[in-house]
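The values are calculated or read from the model by the stated rules, or taken from the named source; none is laboratory data. None of these values were measured; they are calculated from a predicted model. We place every Cβ from the backbone using ideal geometry, glycine too, and count neighbours over all the protein chains shown.
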Amino acid sequence: MNCEVAHERIVLAAYGELSDEHIHELDRHLTSCNECRDEREQLQALKTLAAVYPVVEPPANLVARSRMRLEEALDTIPPKRWFERLGERMLNHFARLQSAPAAASLLLVIGMGAGSLGGYEFAQARAAHAAGRAPQVAVATVQAPESPTDVANISSIVQQPNSEVVEVRYNEVVPRQIEGSLDDPAIRQLLMMASEDGTSPGIRDDSVGLLAAECRAGHSCNAAGIRDALMVALRYDKNEGVREKALKGLEPYVAQDIRVRDAVLEALLNDGDPRIRTEAINLLEPVEADTTVRQVLSTVATSDQNPQIRNVSKQVLRREPEFQ
């Protein structure tokens, strides 16, 4: 068994979804693989962390509103065209036709004809759409994008020296730009989009750096906005510098926002950069007495593979009498 398969089975085993035979194979692999064994211990610690918080059922009104919105969205879906309905029928009856070679061959011919006609109609529609958009070839300066879906990507972010004014260039059908204060909702919206730009590490680094600076400065850093963007960057960004900036931006909210605290604990358990893990321990100082924080620090202090992380965790534990 290789480590990739073992990682998948570790997750399945943790939630009781793995057969006895595969459990025995996994146990044999873990006896000789320290990396996978650490992976299982970290997952078990994360489960312990999650078990501390009860599952909150959504309010009945929220469920009802969500169902109504879903029904409204389904009502707005345009009716399917004849070749789409034909394709669905072909799929629904395919199993019955497997035993009838002649009928299956006839159905294949019909499907090819319908697909060709559908492709022709789609090509015509796309050509007409392209012709309608062709005149828009100039670079324009606008106040804000009409909708986030109109933005293809963020091309550059420049902050004017000694100022909170930021210039953000973003691409729609043609390149556009917007200039405004960091407090401008449109600027913030573009910065949050840039923080998830998987094609440009530099753009992500600039945007997360500005968002983190806003939070550290005590400016508006709402949970359902900038704070969420920083937590996503901390958890999933592949760039260590971006993750470190996101972590520092979340520092003011460790004590007051339990979601931020959990994100910092996850970084302590799972991040691959020792500097970020050490910084996460330092950020947890205001909440050292929290039960969940004590559990995670105790696990790290006794079983973490990195001696520096173990020592820092032990130093924190000694400062809190409850740990003794």
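How many of the residues in the stretch 175-198 are among the hydrophobic types (A, V, I, L, M, F, W, C) and free of Cβ contacts under 8 Å to residues at least 40 places away in the same chain? I'd like the intermediate steps shown before the answer.
The first filter runs over the stretch 175-198 and keeps only residues among the hydrophobic types (A, V, I, L, M, F, W, C), leaving 178, 182, 186-187, 190-194.
Still in the list and also free of Cβ contacts under 8 Å to residues at least 40 places away in the same chain: 178, 182, 187, 191-192.
Residues that pass the stated criteria total 5.
So, restricting to helices (runs of 4 or more DSSP H) that lie completely within the stretch 1-53, which ones have at least 1 residues that are modelled with pLDDT of 80 or more, within 25 Å of the chain's Cα centre (by Cα) and surrounded by 13 or more Cβ atoms within 10 Å (Cβ to Cβ)?
Details: elements: 3-14, 20-30, 34-51.
Filter on the stretch 1-53 gives 3-14, 34-51.
The rows are residues; the columns are (1) of a type outside the set (Phe, Trp, Tyr); (2) under 20 Å from Pro252 (Cα atoms); (3) at pLDDT 85 or above.
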{"residue": "Leu268", "(1), (2), (3)": "yes, yes, yes"}
{"residue": "Glu285", "(1), (2), (3)": "yes, yes, no"}
{"residue": "Pro307", "(1), (2), (3)": "yes, no, yes"}
{"residue": "Pro321", "(1), (2), (3)": "yes, no, no"}
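Quick check on Gly249: is it surrounded by fewer than 18 Cβ atoms within 10 Å (Cβ to Cβ) and under 30 Å from Asp205 (Cα atoms)? Walk me through how you get there before you give the answer.
Working: surrounded by fewer than 18 Cβ atoms within 10 Å (Cβ to Cβ): no; under 30 Å from Asp205 (Cα atoms): yes.
Judged against the criteria, Gly249 is not a match.
Examine the stretch 161-180 for a residue that is under 22 Å from Ala246 (Cβ atoms), loosely packed, with under 14 Cβ neighbours inside 10 Å and at pLDDT 80 or above, and state whether such a residue exists.
Residues of the stretch 161-180 under 22 Å from Ala246 (Cβ atoms): 164, 166, 168, 170.
Subset that is loosely packed, with under 14 Cβ neighbours inside 10 Å: none.
Checking the stretch 161-180: not a single residue is under 22 Å from Ala246 (Cβ atoms), loosely packed, with under 14 Cβ neighbours inside 10 Å and at pLDDT 80 or above.
So which residues in the stretch 262-291 are crowded, with 18+ Cβ neighbours inside 10 Å, farther than 11 Å from Ser313 by Cβ and of a type in the set (Gly, Ala, Ser)?
Across the stretch 262-291, the qualifying residues are Ala263, Ala267.
For the stretch 160-270, which helices (runs of 4 or more DSSP H) that fit wholly inside it have 2 or more residues that are farther than 30 Å from Glu41 by Cβ and of a type in the set (Lys, Arg)? Give the derivation first.
Values: elements: 185-194, 201-216, 228-236, 240-250, 258-270.
Counting at least 2 such residues, we get 201-216.
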